[in-house]
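Report on the structure given below.
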Amino acid sequence: MDFYASLSATLDELRRDGLFKSERPILGPQDGRIRIADGAGGTRTLVNLCANNYLGLANHPEIAAAAAAGIESHGFGMASVRFICGTQDIHKALEETIAAYVGCEDAILFAGCFDANGGVFEALLGAEDAIISDSLNHASIIDGVRLCKAKRFRFANGDMGELEDRLREADAAGARFKLIVTDGVFSMDGCVADLRTICDLAERHGALVMVDDCHATGHLGPEGRGTPALTGTLSRVDIVTGTFGKTLGGAMGGFVAARRPVIEMLRQRARPYLFSNSLAPAVVAGSLKAIAIAQGADDRRARLASQTKRFREGLTALGFELLPGETPIIPVMLGEAERAQSLARELDREGVYVAGFFYPVVPLGRARIRTQMSAALTPDDVETALGAFEAAGRRLGAI
Ligand SMILES: *Cc1c(COP(=O)(O)O)cnc(C)c1O
């Protein structure tokens, strides 16, 4: 078959199955309320329940000002990888700052956490080693593990019994080093990894622990230091990966934080670091400001927590089925993809922007609308959203 015809056929199939993803341009900054074109020449405003903008820092004026000042003092672009001529003082400052924030000795920057996870495994482990991975881990971890020659073991999400079985199997297979890897917060379900038990098992079986804390750094735990701080496992986790593209200003950039030799080795061997451009000065300067603001933002964390509680209670009272949890990720379970999409459409009509998730992002029959709370939302926005869920849910017979 002709290549282009084959692509068109596959795209048609995605459309037919309701799995086609389209993008909706926002007319302005990321925020609790966003403006979009109404399709009739005008605009309308939606309450936004699907950004990873947990503390509402994506459009913080001090962060934008710091980014602008970063351009003034350090220019627009680096036009180099880090080790040739792409390292500025502010890159070193951001590495030191993020390392201290997440409780590690040192850190290394990447273009995104996708790249951090893509580079970390291959650079540190070889065919003699084993990686034991939670089945709900992020796609970038799955890809990073694929690029590494280590033996692979998988355990069902959060199943600590299975994790221990896999550790034993890795030993039986003669693994030299074993690395357990987990998301800190699982992005589709909103649950927090049981890092205490994971660290206990790691110690008992002589394994290392890596946590991808993208959905936690900046807003979960004391001072927003993430799930290791939240679960009291700060000094027991070996490697933390994370992003500046979510809570910490939401621009872009990722990092790996760990002990010094780990970071030194990544600077020598991590391919997405060695062969990709250095982070832009504006992003670095803005992210530095974002960490400072996030660390002191107990007021925003309190607002986020109270809105999370109110929205969860409100949806439950309306009769929606939620996944349990305490994070600002609140998944509304709807079963079939079609129902999730219909509800998303109806919510849009009611002035609320949500994203439906369905197979293959989540298991078949477990389609959902993933709502995310944000300190950028006002209590009024949360009530508006609940009213919209009630109206839309009733119209569709979902409640
Ligand atoms: C968002 C996310 C990533 C990717 O981070 P980027 O910085 O956007 O590349 C990786 N892992 C997890 C768990 C994420 O949620």
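The values are calculated or read from the model by the stated rules, or taken from the named source; none is laboratory data. Fair warning: this is a prediction, and the values are worked out from it, not measured in the lab. Methodologically, a virtual Cβ is constructed for each residue, glycine included, from the backbone with ideal geometry; neighbour enumeration extends over all protein chains shown. Side chains included, ligands, DNA and RNA excluded: accessible areas come from the protein's heavy atoms. Shrake-Rupley method; radii C 1.70, N 1.55, O 1.52, S 1.80 Å.
Things to note:
- Shape class for the range 54-117: oblate, because the ratio a/c of the largest to smallest gyration tensor axis (alpha-carbon atoms, square roots of eigenvalues) is 1.5 or more and b/c is at least a/b.
- With N counted as the residues of the range 258-341, its alpha-carbon radius of gyration over 2.2 N^0.38 Å works out to 1.73.
- Accessible area per residue, Å², the range 1-75 with all protein chains present, probe 1.4 Å: 63 Å²
- The orientation-averaged shadow of the Cα convex hull for the range 201-278, equal to a quarter of the hull surface, comes to 6.0 nm².
- For the chain, a simple Cβ point-charge model (Lys and Arg +1, Asp and Glu -1, everything else neutral) yields a dipole of about 260 debye relative to the Cα centre.
- Antiparallel content of DSSP bridges confined to the chain, in %, to 5: 60 percent
- Whole-percent pair-distance distribution, where bins are 5 Å wide, for the alpha carbons of the range 1-141: 2, 6, 8, 11, 14, 15, 14, 13, 10, 6, 2, 0, 0
- For the range 1-79, the Cβ-based charge dipole about the Cα centre amounts to some 260 debye (Lys, Arg positive; Asp, Glu negative; other atoms uncharged).
- Contact order for the range 26-102, expressed relative to its length and based on alpha carbon pairs under 8 Å spaced 6+ residues apart, stands at 17 percent.
- For the set 273, 353, 4, solvent exposure ranked by accessible area (probe 1.4 Å, protein chains only) runs largest to smallest as 4, 353, 273.
- Over 36 Å [Cα-Cα, the chain], rounded percent: 28 percent
- Ratio Rg/Rh, restricted to the range 157-237 and using Cα atoms, in which Rh is the Kirkwood radius: 1.00
- Protein accessible area in the chain, 1.4 Å probe - carbon and sulfur %: 53 percent
- Per-residue SASA entry for residue 35, accessible area with 1.4 Å probe, Å² rounded to 10: 110 Å²
- Relative contact order for the range 97-231, counting Cα pairs under 8 Å that sit 6 or more residues apart, in percent: 21 percent
- Ellipticity at 222 nm from helices only: DSSP H runs of n ≥ 4 in the chain, each -39500 (n - 2.57), divided by the residue count, give -13500 deg cm²/dmol.
- Dividing the convex hull volume of the alpha carbon atoms of the range 170-309 by its residue count gives 138 Å³ per residue.
- Taking all protein chains as they are arranged and a probe of 1.4 Å, the heavy atoms of residue 138 leave approximately 70 Å² accessible to solvent.
- Mean projected area of the Cα convex hull of the range 284-399, taken over all directions, amounts to 8.2 nm².
- The angle separating the long axis of helix 113-124 from the principal Cα axis of greatest extent in the chain is about 20 degrees.
- Span from the the range 323-356 Cα centroid across to the the range 1-73 one, whole angstrom: 17 Å
- Rg over Rh [alpha-carbon atoms, Kirkwood Rh] for the range 114-203: 0.94
- Shown for the chain: lysine pairs separated by 8 or more places, or found on different chains, whose C-alpha atoms are under 18 Å apart, numbering 4.
- In degrees, nearest ten, helix 379-396 long axis to first principal axis of the chain (Cα): 70 degrees
- Burial ranking of peptide ranges 257-265, 238-246, 311-319 (average Cβ count within 10 Å, highest at the top): 238-246, 257-265, 311-319
- Between 0 and 90°, nearest 10: helix 195-205 axis offset from the chain longest Cα axis: 30 degrees
- Largest to smallest accessible area among 96, 128 [probe 1.4 Å]: 96, 128
- Tensor-based shape of the range 25-74 (alpha-carbon gyration tensor, a/c under 1.5 rounded, otherwise prolate or oblate): oblate
- Peptides 70-81, 366-377 ordered by packing proxy, namely the average of other Cβ atoms within 10 Å per residue, highest first: 366-377, 70-81.
- Calculated from the alpha-carbon coordinates, the range 269-315 shows an Rg and a Dmax of 17.7, 49 Å respectively.
- Debye log10 I(q)/I(0) at q = 0.16, 0.24, 0.28, 0.29 Å⁻¹ for the range 339-397, Cα point scatterers: -0.52, -0.97, -1.14, -1.18
- Solvent exposure of residue 101, expressed as accessible area, is near 0 Å², computed with a probe of 1.4 Å over the protein chains only.
- Label-point separation, residue 159 to residue 1 (7 Å along Cα→Cβ), nm: 3.6 nm
- Sequence-separation-based contact order of the chain, relative, with Cα cut under 8 Å and 6+ spacing, percent: 22 percent
- Probe 1.4 Å, all protein chains present, accessible-area order of 151, 178, largest first: 151, 178
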